[in-house]
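Taking it in order: structure first as structure tokens, then the write-up.
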Amino acid sequence: EGVSACLITKTDTNPFFVKMKEGAEAKAAELGVTLKSYAGKIDGDHESQVAAIEACVADGAKGILLTASDTKAIVDAVKAARDAGVLVIALDTPLDPIDAADATFATDNFRAGLLIGEWAKATLGDKAAEAKIALLDLSIAQPSVDVLRDQGFLQGFGVDLADPNKWGDETDARIIGNEVTSGNEEGGLKAMEALLTKDPDINVVYTINEPSAAGAYEALKAVGREKDVLIVSVDGGCPGVANVKDGVIGATSQQYPLLMASLGIEAIAKYAADGTKPAPTEGKDFFDTGVALVTDKPVAGVESIDTAKGTELCWG
Amino acid sequence: MTSDAKAATTFEEGLKGASEKVAEFQDDKTALKRIQHWLHQTPSAVPMIVLVVALVIFGVLSANFFKPTTLSTILQQIAIVGILGCAQSIVVLTAGIDLSVGAIAVFSSVLMGQMTFRYGIPAPLAILIGLALGTAMGFINGWLVAKVKLPPFIVTLGTWQILLASNFIFSANETIRSSDIAAQAPALQFWGNAIQPGGVKVLYAVFLMIALVAIMAYVLRHTAWGRHVYAVGDDPDAAELAGVQTKRILIQVYALAGLFCAIAGWVMIGRFGSVSPTASTGQLGNIQSITAVVIGGISLFGGRGSIVGMFFGALIVGVFEMGLRLVGTDPQWTFFLIGVLIIFAVAVDQWIRKVSA
Amino acid sequence: MTSDAKAATTFEEGLKGASEKVAEFQDDKTALKRIQHWLHQTPSAVPMIVLVVALVIFGVLSANFFKPTTLSTILQQIAIVGILGCAQSIVVLTAGIDLSVGAIAVFSSVLMGQMTFRYGIPAPLAILIGLALGTAMGFINGWLVAKVKLPPFIVTLGTWQILLASNFIFSANETIRSSDIAAQAPALQFWGNAIQPGGVKVLYAVFLMIALVAIMAYVLRHTAWGRHVYAVGDDPDAAELAGVQTKRILIQVYALAGLFCAIAGWVMIGRFGSVSPTASTGQLGNIQSITAVVIGGISLFGGRGSIVGMFFGALIVGVFEMGLRLVGTDPQWTFFLIGVLIIFAVAVDQWIRKVSA
Amino acid sequence: MTQEPLLKARGLVKRYGKVTALDNCDFDLMPGEILAVIGDNGAGKSSLIKALSGAVQPDEGEITLDGKPVRFESPLEARAHGIECVYQTLAMSPALSIADNMFMGRELRKPGLMGNLFRQLDRPAMEKFARAKLNELGLMTIQNINQPVETLSGGQRQGVAVARAAAFGSKVVILDEPTAALGVKESRRVLELIRDVRSRGIPIILISHNMPHVFEVADRIHIHRLGRRLCVIRPGDYSMSDAVAFMTGAKLPDGVSEEA
Amino acid sequence: MTQEPLLKARGLVKRYGKVTALDNCDFDLMPGEILAVIGDNGAGKSSLIKALSGAVQPDEGEITLDGKPVRFESPLEARAHGIECVYQTLAMSPALSIADNMFMGRELRKPGLMGNLFRQLDRPAMEKFARAKLNELGLMTIQNINQPVETLSGGQRQGVAVARAAAFGSKVVILDEPTAALGVKESRRVLELIRDVRSRGIPIILISHNMPHVFEVADRIHIHRLGRRLCVIRPGDYSMSDAVAFMTGAKLPDGVSEEA
Ligand SMILES: Nc1ncnc2c1ncn2[C@@H]1O[C@H](COP(=O)(O)OP(=O)(O)OP(=O)(O)O)[C@@H](O)[C@H]1O
Ligand SMILES: Nc1ncnc2c1ncn2[C@@H]1O[C@H](COP(=O)(O)OP(=O)(O)OP(=O)(O)O)[C@@H](O)[C@H]1O
Ligand SMILES: [Mg+2]
Ligand SMILES: [Mg+2]
């Protein structure tokens, strides 16, 4: 009898999750695991994920790989699945509490934000004190990735976070404004246009992911400011790394969804075979698949890789 | 000069001995005709047939489908949509539409949760406050529709955005954890309890949904108020002239819909354990409930259809989503097929009605 | 025996010398009454007034607001909604609704892009194919509405999901980068070009939108086809009996709407630079265009309103979004206030109409 | 005429935009009489009875019922005062059954617990009553009392509306062109019904373009012209052609000079 | 009767669910005649003319026009054959103007480039024509030809519909109760108009419940009963009371035995 596993992602339209799925499928084919994939309908769609977990349990899956939309709220559904003997591994985003899942293979999103924040600050040097920052976030529902990356960036840049569980409550005068982008080019462009209207002298742009960064770049190009504004982003997808290489994006924090997914499938196969559960990285309460800053303009004090290396490691 | 009038109407003498016979029509007695006639008389039967066909197909395609746990899971997955569907049904019967149902539900659940945890109000009281506030949100919709005479689509499009934003602002994006609720305010999770006959879990929420559908079916069919709801949707001017207090009925309908949504919000806490302001019901609840209503055969032009049909509509969608998941379809293909299903189900419905008309 | 008939109608002799006078009504000549009358005659004036008031308020609140670049930014931000609004307007005028407009637009843009980059078709030809396929998608909507007689809401709810899913499946979620397009297929980005009178950039897309609104205003008002669109929306049975080919008109309307959406898709490439299947227009385009249509005073029940009103409706939303951002509200509050605006704008509209009726 | 009018209106004005449908119109209905209202198309007859029955609110003027001033905000209020009206548009809900339509707004509830607590409708009673009233009108081509109104022919529909008003009117019954779509037989029944209702002591306002009918049943005839009452005549005093001449402006009644 | 009927129907059947509105019905219209169709409410008169004018498709039976079998899928097809119909429901678009309604489906275009290329409507011409036709009917209480139809009184609306049919019918004009809501003066005008149309050589089918009118203008009277043609009489041969007796089933015409 074959082993069956489930992959549940936040959405299946974001390239990040699309690649994660491809990685999982490739590994599953290799190990002879039957994989079924599910996703939320929109960013932050928590209910569809609960329904998907229930379907997996009903279907007799051995393990579930989950990138949770709502890390606290999903806990009950995960518990029900574990009670039914299903191995649940959180991918990309740790649950809250983190031990609600059997294991967590994740990037630290806060650290991803922190790296680009530090890089931007170091790149600007003294001018960081009078920077004008635009923050292009994901959605007004403020799902946890959205908050972690944004707050990580601000921390790295040296801005007081106020409530670290919420973006938009900072009072630092350098912040021109927050806008939401839905994480795509269209949203990035419109948000950037609006913020430029508010203050045409913006010189630092944080973006939730690389598609919104590309949109922001178009808006800057339209007003002829694409050369003198720093855009930073998170994800490390191949088009994103290419954009770093082309100078569209200054730096991006690269994550490794393929790695997470293939590790997850291996863990499930192992669990099905002999019942062992994966162990966390030493010194942490989760298995860190790592995050790396990709830029061609390295700065002192912030560890980074160049775009050649980034392209090698990128995920699609 | 009435003689003049008399003269003018003498031809009516021809009426003497006029036939009092009632026109008779032969009744077709073939089995097919009888089935058609029955379908025509029982509009909710059409979605039921679609449902049975869907069940059979998925039963064949997936071995796991006909397990009792699968079926009880389907029921618990549609519990919230079913309750929102009750709200949507009565609104649609008045020729309205309520885009704010999901937002009211989520906001009410957040209000119940925060009343308890932020302001320390005892859970039962917090629930009552949440239900009252949900009703008030519906009342505002109704007031704008009935008194200010704005189109329901616009009113609820506006309140949808307003309530969703209020929900995020008020909750400060905070999720209340399941374990905290279980420890401090179990009443909030009441509908998440279950009976377990023979090991199959059936949530209280499922029974609540069925009870609400049954009650509303009775109210709509067997009380004057229910008839008035239909009359308002059918032709509001005629209803007004015929002595229905259309404005009052409209306000009551939207307020009741608000109450149902708040109940759905309470049920959401039980079903998901936690209170989450980002619950996607806020964004998608309206489309989901409208889909159920329409697949169930309620006319968006008002005045026609039954709430039992809505229940079958919700079930059809639930069965399809679960069935496609078990068959292992890719999520995008699931969306695709649900889209096809919506059109197909309504086309079948239309076809049966035409054949049997 | 016609004498008998004659006798019965002798009273009609009283008609001889009947007055041929036309009832006369005094005309109020006060300025206020004249304004009211003018408003009543010119339905698109109402949103225009709301617009002017909004402009004045934001001009006072924010120093940046009345800069030419701000205004040109507003125009370019509504270009796509405005074009989708043209599609939505004609559909709504037939008492329909098109939830699939955004999905058609995004899918068409993806088709144009992938035809060029995946299959190596020259860009102008790829654009033509994209426009044709968009029209075909609209045609399917129209066929289902007119021939299978399904409710437009349901048909387009279904095709919305189907097209969006197809879009993701076909594109494999791949974004085509702006720099690649600029290098290899600049025709795709045509509408992103701009004229720069006095340093203020105005996109070609803005002129296209205005041209489309003007053309459709002419067509709807001054051609038989336009009158038929109104008649179909007003009372389809009456229109059919009066000799309008309602089915044909409906199919044409939806197909034309599909074409407009495909044009919007092309414009999206120019405006956003890249081709992205995840563009939010796919999800939100329908609600945005319906909002513009309704704020612009087109009745969702069909047959009433003007496309110029839709244009002002789109502008009002654009002005509000930009204005609120400049005044510096948090995105959640902006969302909240847009909700309030929608209700408020329509309420003002309703009030002016009532006063002037 | 020492009797006081049962329903009286003075100086009613109703404007629709530029059109003045009622232009300072007076009206009197005496107890127990059949009052016909005749006039050209567009003279304002329907507007007058809509104002009297609460369906529209007049811009000016006052209405008194039984000597007491009244102001009806809705047809329901007028109905609560016993004024029942058949509108030209009939005011029926097409998808609902004949019985539902007849009892709209005054449904019968089951006796006992089911009715009081659960507010259940007493369908058998409503159907029986509806059937009886339709039979009185000879509308027996209607087979099924639960048939939706939309499946009836125009004439049948009108018959149902008239039956409803006659069954429930307790003070005044108003009929706006009740026989317009009716056949010879059915019209005759309606005229009989009108006499029936009067013999129960209830006065009737009858709007009709059918002069022979008007002259046959009316006690008095209110002639409406250009939005106001031109004169009131008794059918015995004038011929039909006089009435037609008055209402079309061909002649002026004695003692009236046309100003408008 | 050596002449062939212009419009002929044989064995028409139309069922609505359980109701058989037309039950094997025959029909003949001779060239140049005014044919009245009379019958009880619900007898199936409207269903008959709907079948003849393409508004409904009969389940069985055939129709011939000028001796050629025809099958109209829509009113537009019937209109293309010169058959023009005023339906009981009038078939007007309430929000559109009188002129728009009169020309619905056969709008006039501007001459020259504007009309051919840009397909612009010739509003002034349409308005002038509409005004003239309404004046012929004496509907002069209508002030503004661009007024939406919904602001007209019931009678005015009916007048507009009749004017439309009379203006455009080239082969057959069908009128379903055209005077039902009309006043005395306006009804008279319609009767005159009917005679006018006939004098242009166009035959007319007139459905009416008004016996004096029917007997005044009709050349032949088709008596409809229980969904079929009971008999056809000439007004000169029978009295009105005979006709009424036939149509209500009180008497049977010679040579006909009631089977239904
Ligand atoms: N809702 C309305 N809006 C605008 N004008 C109206 C409205 N209702 C009636 N009118 C106008 O008021 C005038 C009087 O109309 P009303 O219906 O009272 O006439 P009527 O005497 O009942 O005519 P008929 O015998 O044809 O029914 C007409 O000129 C009509 O056009
Ligand atoms: N759309 C429909 N659906 C169901 N039944 C219908 C429909 N149209 C007509 N009928 C039925 O067909 C029969 C004939 O109706 P029709 O309208 O032809 O009568 P009619 O002779 O024109 O009557 P009237 O003089 O009242 O207009 C009636 O019993 C009616 O109830
Ligand atoms: Mg009237
Ligand atoms: Mg008829």
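Estimated from helical segments only, the mean residue ellipticity of chain E at 222 nm is -9500 deg cm²/dmol, where each DSSP H run of four or more residues counts as -39500 (n - 2.57). Close amide-amide hydrogen proximity is noted between A:Asp96 and A:Lys72, each under 5 Å apart and 5 or more residues distant or on a separate chain (H modeled in the peptide plane; Pro and chain starts excluded). Would you mind classifying segment C:43-351 by shape? Square roots of the alpha carbon gyration tensor eigenvalues, ordered a ≥ b ≥ c; an a/c under 1.5 is rounded, otherwise it is prolate if a/b is larger than b/c and oblate if not. Judged from the Cα gyration tensor, segment C:43-351 comes out oblate (a/c at least 1.5, b/c at or above a/b).
The label-point distance for A:Asp169 and D:Glu4, in a model that sets each label 7 Å from Cα toward Cβ, rounds to 7.2 nm.
Most tightly packed first, judged by the mean number of other beta-carbon atoms within 10 Å of their residues, the peptides E:72-78, C:308-314 read C:308-314, E:72-78.
Let me know the mean shielding of A:178-189 by other chains, meaning the per-residue number of their Cβ atoms within 10 Å of its Cβ. Mind dumping the intermediate values first?
Working: counts 3, 3, 5, 1, 5, 2, 11, 13, 13, 7, 3, 7.
Taking all residues of A:178-189 together, the mean is 6.
Take the accessible area of chain B alone and of chain C alone, subtract that of the pair, and you get about 3600 Å² summed over both chains, using a 1.4 Å probe. Listed values for segment E:225-234 are Karplus-derived 3J(HN,Hα) couplings in whole Hz (6.51 cos²θ - 1.76 cosθ + 1.60, θ = phi - 60°), namely 8, 6, x, 8, 7, 7, 6, 10, 10, 9, and x replaces Gly and Pro. Dividing the helix sum by the residues of chain B, where each DSSP H run of 4 or more adds -39500 (n - 2.57), gives a mean residue ellipticity at 222 nm of -24000 deg cm²/dmol. Neighbouring Cβ atoms from other chains, within 10 Å of the Cβ of residues in E:96-102, number 3 on average.
Ranked by the mean number of other Cβ atoms within 10 Å of their residues, highest first, the peptides D:8-14, B:259-265 fall in the order B:259-265, D:8-14. Normalising by residue count, segment B:193-275 has a Cα convex hull of 99 Å³ per residue.
Charging the Cβ of each Asp and Glu at -1 and of each Lys and Arg at +1, and nothing else, the dipole of the protein assembly as shown about its Cα centre rounds to 2720 debye.
If you build the Cα gyration tensor of segment B:132-195 and take the root of 5 times each eigenvalue, what three semi-axes come out, in whole angstrom, biggest first? Each step should come with its number before you reach the end.
Values: eigenvalues 208, 48, 16 Å².
Calculated on Cα positions only, the semi-axes equal 32, 15, 9 Å.
Looking at segment E:1-155, the accessible area is 41 square angstrom per residue; that uses a 1.4 Å probe and ignores ligands, DNA and RNA.
The three principal axes of the Cα atoms in segment E:13-77 give end-to-end lengths of 34, 25, 20 Å, sorted in falling order.
Inter-part distance, segment C:114-155 to segment A:9-31, computed on C-alpha centroids, equals 30 Å.
Please get the size of the charge dipole for segment C:43-351, origin at its Cα centre, with Cβ charges of +1 on Lys and Arg and -1 on Asp and Glu, quoted in debye to the nearest 20. Before the final figure, lay out each step's value.
Values: 13 positive and 10 negative charges, 79 e Å.
Dipole magnitude for segment C:43-351 comes out near 380 debye.
Projecting the Cα atoms of B:Phe320, B:Tyr218, B:Val206 onto the charge dipole of chain B (Cβ charges, centred on the Cα centre) puts B:Val206 farthest toward the positive pole. Placing one equal scatterer on every Cα of chain E and applying the Debye formula, the log10 ratio I(q)/I(0) at q = 0.08, 0.09, 0.11 Å⁻¹ is -0.33, -0.42, -0.62.
Past 21 Å, Cα to Cα, is the threshold; run A:Lys190/A:Lys297; C:Lys16/E:Lys185; E:Lys110/E:Lys171; A:Lys127/C:Lys201; A:Lys270/B:Lys201; D:Lys45/E:Lys185 against it and keep the listed order.
Details: A:Lys190/A:Lys297 28 Å; C:Lys16/E:Lys185 10 Å; E:Lys110/E:Lys171 27 Å; A:Lys127/C:Lys201 30 Å; A:Lys270/B:Lys201 30 Å; D:Lys45/E:Lys185 16 Å.
Correct reply: A:Lys190/A:Lys297; E:Lys110/E:Lys171; A:Lys127/C:Lys201; A:Lys270/B:Lys201.
Projected label points at D:Ala132 and C:Lys147, each 7 Å from Cα along the beta carbon direction, are separated by 5.5 nanometres. Residues whose amide H comes within less than 5 Å of that of E:Arg228, counting only those at least five positions distant or on another chain, are E:Asp23 (H built at 1.01 Å from N in the peptide plane).
The label-point distance for A:Ala300 and D:Arg200, in a model that sets each label 7 Å from Cα toward Cβ, rounds to 10.5 nm.
What ranking do C:158-170, E:17-29 get when scored by the average of other Cβ atoms within 10 Å per residue, highest first? Numbers along the way, then the final one.
On the way: C:158-170: 23.8, E:17-29: 20.0.
The packing order, highest mean first, is C:158-170, E:17-29.
How shielded is B:159-167 by partner chains, expressed as the average number of their Cβ atoms within 10 Å of its Cβ atoms? Could the numbers behind the result be given before it?
On the way: counts 4, 3, 12, 8, 2, 6, 12, 5, 2.
Across the residues of B:159-167, the mean count of other-chain Cβ atoms within 10 Å is 6.
With 20 Å bins beginning at zero, the pair-distance distribution over Cα atoms of the protein assembly as shown amounts to 9, 33, 33, 18, 7, 1 %. Dipole of chain D computed with +1 at Lys/Arg Cβ and -1 at Asp/Glu Cβ about the Cα centre; of D:Ala43, D:Gln120, D:His209, farthest Cα towards the positive end is D:Gln120. Rolling a 1.4 Å probe across the protein heavy atoms gives segment B:43-351 an accessible surface of 31 Å² per residue. Shown for the protein assembly as shown: the carbon plus sulfur share of the solvent-accessible area, taken with all protein chains present and a 1.4 angstrom probe, equals 58%. With the charge dipole of segment C:43-351 set up from +1 on Lys and Arg Cβ and -1 on Asp and Glu Cβ about the Cα centre, the Cα lying farthest toward the positive end among the listed residues C:Thr116, C:Leu131, C:Phe153 is that of C:Thr116.
The values are calculated or read from the model by the stated rules, or taken from the named source; none is laboratory data. This structure is a prediction, so every number in the text was calculated from the model and none was measured. When we count neighbours, we look across all protein chains shown, and the Cβ atoms used for this are built from the backbone with ideal geometry, even at glycine. Surface accessibility is based on the protein's heavy atoms, side chains included, excluding ligands, DNA and RNA. Shrake-Rupley method; radii C 1.70, N 1.55, O 1.52, S 1.80 Å.
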